[in-house]
Amino acid sequence: MAPMALGLGDGGEQNAPLGRAVIGGLLVATLATLFFVPAFFSLVHGWLEGRHQTAPGIQMAGVSDEFDEVSE
């Protein structure tokens with residue numbers, strides 16, 4: 001993508017914006033995957049854990065308490 005983004009070669013100036021858009025999109029998607037998605041997951045997971053601890057008598061959908069206690 002770098003040669004395309006630099007506009008090298010015949011007619012390269014027409015393809016340069018496409019190359020820059022692809023490089024920018026890949027960078028943004030990579031950063032979002034590495035930072036935004038895990039941070040969002042952590043926030044939601046912490047919120048659900050806090051919600052589960054504040055109301056112990058209420059069973060959340062899909063969450064079972066049968067494995068919370070260690071059995072011998």
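A few remarks follow.
- Contact annotation: residue pairs with Cβ atoms under 9 Å, 6 or more positions apart or on different chains, pairing a residue in segment 11-32 that is closer than 14 Å to Met1 by Cβ with a partner that is open to solvent by 100 Å² or more (accessible area, probe 1.4 Å) and part of a helix (DSSP H, G or I), are Gly12/Leu6; Ala16/Leu6; Gly19/Leu6.
- Comparison of Ala16, Ala29, Ala5 shows that the only residue that is surrounded by 10 or more Cβ atoms within 10 Å (Cβ to Cβ), modelled with pLDDT of 90 or more and in contact with a Gly (Cβ under 7 Å, 6 or more places away or on another chain) is Ala16.
The values are calculated or read from the model by the stated rules, or taken from the named source; none is laboratory data. All values derive from a computational prediction rather than experimental measurement. With ideal geometry, Cβ positions are generated from the backbone for all residues, glycine too; neighbour counts draw on all protein chains shown. Keep in mind that these areas ignore ligands, DNA and RNA; they rest on the heavy atoms of the full protein, side chains included. Shrake-Rupley method; radii C 1.70, N 1.55, O 1.52, S 1.80 Å.
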